[in-house]
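The values are calculated or read from the model by the stated rules, or taken from the named source; none is laboratory data. If you're wondering where the values come from, they're calculated on a predicted model, not measured in any experiment. Positions of Cβ are generated from backbone atoms using ideal geometry, with glycine treated the same way; all protein chains shown enter the neighbour counts. Just so you know, the surface numbers come from the protein's heavy atoms only, side chains and all, with ligands and any DNA or RNA stripped out. Shrake-Rupley method; radii C 1.70, N 1.55, O 1.52, S 1.80 Å.
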Amino acid sequence: MSNESASDGLPRCPWAGDDALYRHYHDREWGRPVISDTRLFEKICLEGFQSGLSWITILRKRERFREVFHGFDIPKVAAMGEADIERLLLDAGIIRHRGKITATINNAKRALELQREFGSLAAYFWRFETRPEHRPDDLRWESLRLVAQTDASRALSKDLRKRGFNFVGPTTCYAFMQAMGLVNDHIEGCFCRAEVEAERTALVRPS
């Protein structure tokens, strides 16, 4: 499969396809390092909603998710209750799955605990950044597409679940890590790869 977009000629990771929204997400967000607690919390929740679905489905509903979950403001989500859950189950603009909605509220409460313990979600999540020596040498699409989880994502998943988080399996955690820049999985030849690597190099890791 070619990694060149048919619409503008820029070489991209093949999964970006030709959907304008998906290309913009690939070009401007995916893999670029994030240290905002709000964005990190949003992403771990939306990755949970993606479970069993495609990311483009979630991406197309992301603005509505942001509306109903108070911009993923962690204390506000943590304060949501049963009435909110029942209301959201009637909202066709999101994924109407009781378990995933409940998990988002639960995970907000657990996120507050992480902030108290580590100072920030960012300081917690970046402890699990994949070390360079654990990265594959082959960064072609044919190889990277086969990697669904890693030792780092399994460690993150295990720790989150021990702390009471839900919908945070190792595959979900790896997708989260890829998206938030804890690993650079833009393929060799993708025009974003060098940009993302430069951003990761310049990043001051939270502690």
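Side notes on the structure shown:
- A count restricted to the stretch 164-194 and to residues that are more than 19 Å from the chain's Cα centre (by Cα) and either charged (D, E, K, R) or open to solvent by less than 20 Å² (accessible area, probe 1.4 Å) (or both) stands at 2.
- The set of residues in the stretch 173-207 that are of a type in the set (D, E, K, R) and part of a loop (DSSP other than H, G, I, E, B) comprises Asp185, Glu188, Arg205.
- For the stretch 153-163, the candidate set comprises residues that are part of a helix (DSSP H, G or I) and under 15 Å from Asn106 (Cβ atoms); within that set, the residue that is most open to solvent (accessible area, probe 1.4 Å) is Lys162.
- Any hit, the stretch 58-78, residues being assigned to a helix (DSSP H, G or I), open to solvent by less than 70 Å² (accessible area, probe 1.4 Å) and farther than 23 Å from Ala122 by Cβ: yes
- Test: residue in the stretch 34-43 that is open to solvent by less than 50 Å² (accessible area, probe 1.4 Å) and not in a helix (DSSP H, G or I): yes
- Exactly one residue among Ala122, Ala111, Ala103 is in a helix (DSSP H, G or I), in contact (Cβ under 8 Å) with a residue 24 or more places away in the chain, touching a Pro at 6+ places or on another chain (Cβ under 9 Å) and of a type in the set (A, V, I, L, M), and that residue is Ala122.
- Number of the condition not met by Gly48 [criteria: (1) of a type outside the set (A, V, I, L, M); (2) surrounded by 18 or more Cβ atoms within 10 Å (Cβ to Cβ); (3) out of contact with any Lys or Arg (no Cβ under 9 Å at 6 or more places or on another chain); (4) not in a loop (DSSP other than H, G, I, E, B)]: (3)
- Options Phe41, Phe65, Phe49, Phe72; residue that is in contact with an Asp or Glu (Cβ under 6 Å, 6 or more places away or on another chain), at pLDDT 95 or above, closer than 24 Å to Phe165 by Cα and aromatic (Phe, Trp, Tyr): Phe72
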